[in-house]
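One structure is given below, encoded as structure tokens.
The values are calculated or read from the model by the stated rules, or taken from the named source; none is laboratory data. What you see is a predicted model, and the numbers here were worked out from it, not measured in a lab. Neighbour counts run over all protein chains shown; Cβ positions are idealised from the backbone, glycine included.
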Amino acid sequence: MDRSRMSGFLTGIIGLISVTQAVGQEPCRPALAVKDVQFSQMQPPTLQRTWSAVVSVDASHCAANSSGTFEIVFTRLKETAPELDFREQFAWLPPAMNIAVDFAADEAVQHYRIDTITPCACGG
């Protein structure tokens, strides 16, 4: 091979490696933690109860002013029905936010977990 072809070939290989590394990088995600969980007393006249919590957001690996969404998966207990898993979507925004979900009088939360956190632009 002559020099110009070899140079072009090497430039193409280096470019391909750079693109492959950029595509293969994991996106940044904030660290979310559920704190201060409360389940209210029944509220007349609907007799609903409210599950509430504070979700802290550590977005130190994210670019400034990042935000996104996340889901909480709940396992609901009901006196006259089987357990049911369902999801509620919320927005995340540092440093923390208050969230709430209403339940009927005969329902309770057995378990909950954070799921499906949207990535953020890396920075920090």
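Computed quantities for the displayed model
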| read-out | value |
| --- | --- |
| Residue list for the range 88-124, filter: outside any strand (DSSP E or B), under 18 Å from V54 (Cα atoms), touching a residue at least 40 places away in the same chain (Cβ under 8 Å) and among the hydrophobic types (A, V, I, L, M, F, W, C) | I117 |
| Residue, nearest to the chain's Cα centre (by Cα), within the range 49-67, restricted to residues that are surrounded by fewer than 19 Cβ atoms within 10 Å (Cβ to Cβ) and at pLDDT below 95 | S67 |
| Residue list for the range 40-68, restricted to those being within 20 Å of V101 (Cβ to Cβ), in a loop (DSSP other than H, G, I, E, B) and of a type in the set (S, T, N, Q) | S40, Q41, T46 |
